[in-house]
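A.B. asks: My questions will all concern the structure given below.
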Amino acid sequence: MEKKLKQQPSNCIKVVLYGPESTGKSSLAKELANWYDTVYVEEFSRGYAETKAHDNLQLTKKDVLPIAVGQMASENRQIEIAKKLLICDTDLLETKVYSEFYYNGFCPEPVKKYAHENTYDLYFLTYIDTVWEADGIRDQPNNRLQLFNHFERALIDAKKPYIVVKGGFENRFDTCRTHIDKLLKRTY
C-alpha cells in the first residue's frame, strides 16, 4: 500500500494549490497549466466524493486511504507527461488535513508518512477572501478561517515552503506566476 503513496522520482518543478474548499485552487491549477503549457493533477477527492454522493453515500474515514492512493496515482501519471513543471490541485498533506478535521484527528499512518515525505518545490496556500460557493460537495461555509489555520499549521509543522495567495483571481494568478517563474529561472 505504501508504495502507492510514494511520488515517482522526477526533475520537474512541482507546485501545489493547497487550502480550504472554495478558494479557487482548481481554477488556478487549470489556468496555470494552460499558461505554462503543461499538465496539472486534478483533485481526485472531488470526483470520488461526487460518485459517493450520487449513490447517496457519505464519505467516511475508510475513504481516506483510497482518496490518497487515487491522488498519488493521478500525480504519478501526470509527472510522466510534464516536461519542466507540474501543477497539483491538492496533495496528500491536504488529504491529511481534511481527514484530521472531519474524523476527530484520525488519518491513516501511511497517508501521514507520505504527506510529509513527498516533496514539492512550493505550496500556494489559498486564502479565504473568496466567495464560498455551494456545489453539493462543499460543506464548510462557516469554518473557513478555522480550516485555513489548520492548513497553514500543517505546512509549518511539515516544514513545507509556501506562499499565501490572496485577492481576486488575477492577483492570485499573478502571484503564482511570479513565484513559478523564479523557480523555473533557478532550475532551468
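The values are calculated or read from the model by the stated rules, or taken from the named source; none is laboratory data. Everything quoted here is computed from the prediction, not taken from an experiment. Positions of Cβ are backbone-derived with ideal geometry, glycine not excepted, and every protein chain shown enters the neighbour counts.
A.B. asks: For segment 132-143, check the following and say yes or no: at least one residue is more than 19 Å from Ser45 (Cα to Cα) and modelled with pLDDT of 85 or more.
C.D. replies: no
A.B. asks: Right, another one. For segment 144-179, give me each residue that is modelled with pLDDT under 95, among the aliphatic types (A, V, I, L, M) and surrounded by 15 or more Cβ atoms within 10 Å (Cβ to Cβ).
C.D. replies: Leu147
A.B. asks: Looking only at segment 23-53, count how many residues are hydrophobic (A, V, I, L, M, F, W, C), crowded, with 18+ Cβ neighbours inside 10 Å and farther than 19 Å from Arg77 by Cα.
C.D. replies: 2
A.B. asks: Can you name every residue in segment 64-123 that is assigned to a strand (DSSP E or B) and under 16 Å from Ala49 (Cα atoms)?
C.D. replies: Asp89
A.B. asks: Counting only residues that are over 21 Å from Leu184 (Cα atoms), of a type in the set (Gly, Ala, Ser) and touching a strand residue (DSSP E or B) at 6+ places or on another chain (Cβ under 8 Å), which one in segment 20-34 is modelled with the highest pLDDT?
C.D. replies: Ser26
A.B. asks: Of everything in segment 54-98 that's at pLDDT 95 or above, of a type in the set (S, T, N, Q) and more than 11 Å from the chain's Cα centre (by Cα), which residue is surrounded by the fewest Cβ atoms within 10 Å (Cβ to Cβ)?
C.D. replies: So the residue we want is Asn76.
A.B. asks: Moving on. Can you say whether Ser10 is at pLDDT 90 or above and part of a helix (DSSP H, G or I), as far as the supplied structure shows?
C.D. replies: No: the conditions fail for Ser10.
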